[in-house]
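The next block holds one structure in the form of structure tokens; read it before the comments.
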Amino acid sequence: MSETVIDLHALNHDDVVEKAAAWRETGKKVALATVIATWGSSPRPVGSQLAVDEDGNMIGSVSGGCIEGAVVHEAQEVMSDGKPRLLDFGVSNEMAWEVGLACGGKVEVWVERLD
Amino acid sequence: MRPETLVSLLAARASKQQVALVSHLETGEQTLVFHDRTAGDLELDETAISAARNALNDDKSGRLQTGNTPLFAQVFNPPKRMIIVGAVHIAQPLVILSQTSGYETIIVDPRGAFATRDRFPGVTMSEDWPDDALKNMAIDNRTAIVTLTHDPKLDDPALRIALRSEAFYVGSLGSKRTHAGRVERLTEAGYTGEEIERIHAPIGLDINAKSPAEIAVSIMAQITQILRNA
């Protein structure tokens with residue numbers, strides 16, 4: 001029972017920023033993605049975060065796994081030019097073929113670089 | 001994010017301060033909005049700052065609907081906390097319920113024999129006297145305080161701090177008679193009726209709970225009710 005307690009406790013902690021900062025400390029390029037808005041059913045609420053490093057390592061989530069791949073790809077661009085980007089994902093989006101949300105929802109994600 | 005913004009954000013989180021990170025979604029400029037100050041390179045007018053503080057109080061990240069500037073406020077709130085005074089039997093199921101409900105749980109009990117690691121794996125423990133322990137915990141409006149010892153020596157010092165703190169919930173285990181004695185002592189110690197009425201006693205929702213686990217459920221349910229109705 002004790003292990004369950006500890007695991008559930010860990011699930012309730014949102015320390016993506018701390019982990020992203022620790023990556024940055026080691027000299028890696030790091031981008032932080034944040035859910036800005038959602039429509040319909042989307043698995044992660046506004047404010048959910050995903051950190052990505054230059055090697056493509058991830059911590060946290062911005063969806064139930066539907067769009068993380070695309071966000072990681074865009075994050076590489078953000079890491080190289082330092083310009084933040086606002087990304088739209090949804091079934092009506094032209095990217096739907098690649099990264100459509102299985103849940104039928106829409107989500108807006110902002111990606112910034114940790115300078 | 002600029003390095004100095006990240007450093008301030010991490011410091012705020014480490015010291016469990018509430019802070020909103022407001023970002024301009026086009027330029028990427030950012031400012032941290034605290035309850036009493038702001039820090040960052042994004043200039044915000046009073047309307048935007050107060051909208052960000054509202055987001056903090058509502059614990060809700062989102063776009064700020066102020067003018068045409070695309071602003072987003074990311075709320076960083078520390079986890080809710082439950083401070084349990086008394087490492088008694090009821091504390092064991094209560095720890096499990098509070099942790100699964102998303103609370104950081106802390107047990108205070110200066111009696112070494114009660115607060116053993118074996119009985120409370122994975123829980124932060126303090127063996128300080130309750131008033132000293134609580135004074136050092138920066139109790140805020142996301143903290144619940146539960147006293148379970150029904151020993152005035154231990155409960156009263158905790159309540160004396162709790163009643164003048166911002167805690168959103170204060171509850172004390174004990175019969176009506178125990179509570180009457182408690183009210184008398186706190187009144188003598190100079191606490192007002194209004195302050196003393198903050199104590200939920202007898203503790204927990206009235207569900208005829210009998211076993212320690214059932215009483216823990218009634219306490220967790222009452223804390224949830226107070227939190228969500230607030």
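In the stretch B:103-185 the Cα-Cα distances spread across 5 Å bins starting at 0 as 3, 14, 26, 25, 19, 10, 3, 0 percent of all pairs. For residue B:151 and residue B:117, the difference between the fully extended length at 0.36 nm per residue and the C-alpha to C-alpha distance is 10.0 nm.
Among the residues of the stretch B:62-77, those with an accessible-area drop of 30 Å² or more from chain alone to full protein complex, heavy atoms and 1.4 Å probe, are B:63, B:72, B:74. Rounded to the nearest 100, the interface formed by chains B and A buries 2200 square angstrom of accessible surface, both chains summed, with a 1.4 Å probe.
With contacts taken as Cα pairs under 8 Å and at least 6 residues apart, chain B reaches a relative contact order of 14 percent. If you take all other residues with their beta carbon under 14 Å from the beta carbon of residue B:139, and give Lys and Arg +1 and Asp and Glu -1, the sum is +3.
The mean number of partner chain beta-carbon atoms within 10 angstrom of a residue's beta-carbon across peptide B:141-153 is 0.
The charge dipole of chain B, taken about its Cα centre with unit charges on the Cβ atoms of Lys, Arg (+1), Asp and Glu (-1) only, comes to about 660 debye. Whole-percent P(r), the stretch B:81-228, all Cα pairs, 5 Å bins from 0: 2, 10, 22, 25, 23, 13, 5, 1.
Please list, in order, the residues from the stretch B:4-27 whose amide nitrogen is less than 13 Å from a point placed 7 Å along the Cα→Cβ vector of residue B:69. From the stretch B:4-27, the list is B:22-27.
Scanning chain B for DSSP H helices at least 20 Å long along the axis (C-alpha atoms) with a Kyte-Doolittle mean no lower than 0.5 picks out B:212-229.
The heavy atoms of residue B:15 offer some 60 square angstrom of accessible surface to a 1.4 angstrom probe. Separation of the alpha carbons by more than 32 angstrom is noted, of A:28/B:135; A:19/B:80; A:29/A:106; B:80/B:210, for A:28/B:135.
Accessible surface calculations at 1.4 Å, restricted to protein heavy atoms, place chain B at 47 Å² per residue. I'd like the carbon and sulfur percentage of the solvent accessible area for chain B, probe radius 1.4 Å, heavy atoms only, ligands and nucleic acids excluded. The computed percentage sits at 49.
Given 25 °C and 0.890 mPa s, how large is the Stokes-Einstein diffusion coefficient of the stretch B:46-87 in µm²/s, with Rh as the Kirkwood radius over Cα pairs? So the translational diffusion coefficient is about 205 µm²/s.
Eigen-decomposition of the gyration tensor built on the alpha-carbon atoms of the protein assembly as shown gives equivalent ellipsoid semi-axes of 43, 22, 19 angstrom, largest listed first. Remark: mean inter-chain Cβ contacts per residue of B:24-31 equal 3, using a 10 Å Cβ-Cβ cutoff to other protein chain atoms. One quarter of the surface of the convex hull around the alpha-carbon atoms of the stretch B:3-76 equals 4.4 nm², the direction-averaged projected area. Counting Cβ atoms of other protein chains within 10 Å of each residue's Cβ and taking the mean over peptide B:1-10 gives 4. Full extension of the segment from residue B:207 to residue B:129, taken as 0.36 nm per residue of separation minus the current Cα-Cα distance, would add 24.9 nm.
The values are calculated or read from the model by the stated rules, or taken from the named source; none is laboratory data. Everything numeric here is computed off the predicted structure, so don't read it as measured data. Please note: Cβ atoms are built from the backbone with ideal geometry, for glycine as well, and neighbour counts cover all protein chains shown. Calculation scope for accessible area: heavy atoms of the full protein, side chains included, ligands and nucleic acids excluded. Shrake-Rupley method; radii C 1.70, N 1.55, O 1.52, S 1.80 Å.
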